[in-house]
Amino acid sequence: MWFDDFQTPIGKLVVAADAEGIRHILFDRNRYDVSGRGAWLRSPPRVAHARRQLEEYFAGERCGFELDLKPAGTPFQVLVWNTLATIPYGVTWSYGQLARCIGEPEAARAVGAANGRNPIPIVLPCHRVIGADGSLTGFGGGLPTKAALLRLEGALAVEEAKPVTGDLFG
């Protein structure tokens, strides 16, 4: 696994990838330790494309990402993450909307748990999922970071979820 870390307006981020694609984006506040993650090697050139796109996102120059993503998870988690990838920039959905969108209307808590395990936040925009009452709830980068990302995107309204078809990660 190759990685690099860099400063952003929300703090230091770590991007990690292997030959198949981006596997992780980690927040520095989570005190990442690459020594405990097997054979991780610092290689800025290997993740430069992701770093560049994230920098463009934070500069307000990018609303979507064009990266090969390879998140590892259960089939349910991958379904949730596929669906996250369809939430438009600047739009928020509730956990219930996300659950309905995947065809599991009673699974809002399970959707929340899958959201919490998202290994590629920001690119797979779990920050765009909020409480049904509009409240900001759980986020691996912390609620102030979630609020900052939503402010960056101008996300103010909840939009109806639309069904997802196909696997966006290939």
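The values are calculated or read from the model by the stated rules, or taken from the named source; none is laboratory data. All values derive from a computational prediction rather than experimental measurement. Neighbour counts run over all protein chains shown; Cβ positions are idealised from the backbone, glycine included. Just the protein is used for accessible areas: all its heavy atoms, side chains included, with ligands, DNA and RNA removed. Shrake-Rupley method; radii C 1.70, N 1.55, O 1.52, S 1.80 Å.
Quick look at the values:
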item: Cβ-Cβ under 7 Å pairs, at least 6 apart or on other chains, segment 115-140 side outside the structural domain of Q53 (by the TED database) and under 17 Å from Q77 (Cα atoms), far side open to solvent by less than 10 Å² (accessible area, probe 1.4 Å) and assigned to a loop (DSSP other than H, G, I, E, B); result: N118/L124; P121/G141; P125/I87; H127/P121; R128/I87; G140/P121
item: Test for G96: is it within 18 Å of V129 (Cα to Cα) and in contact (Cβ under 8 Å) with a residue 12 or more places away in the chain; result: yes
item: Conditions (1) touching a strand residue (DSSP E or B) at 6+ places or on another chain (Cβ under 7 Å); (2) on the phi < 0 side of the Ramachandran plot; number of the one not met by G11; result: (2)
item: Tabulated pairs, segment 43-54, first assigned by the TED database to the domain that holds I25, second assigned to a helix (DSSP H, G or I) and at pLDDT below 95, C-beta under 9 angstrom, 6+ apart or interchain; result: R51/P44
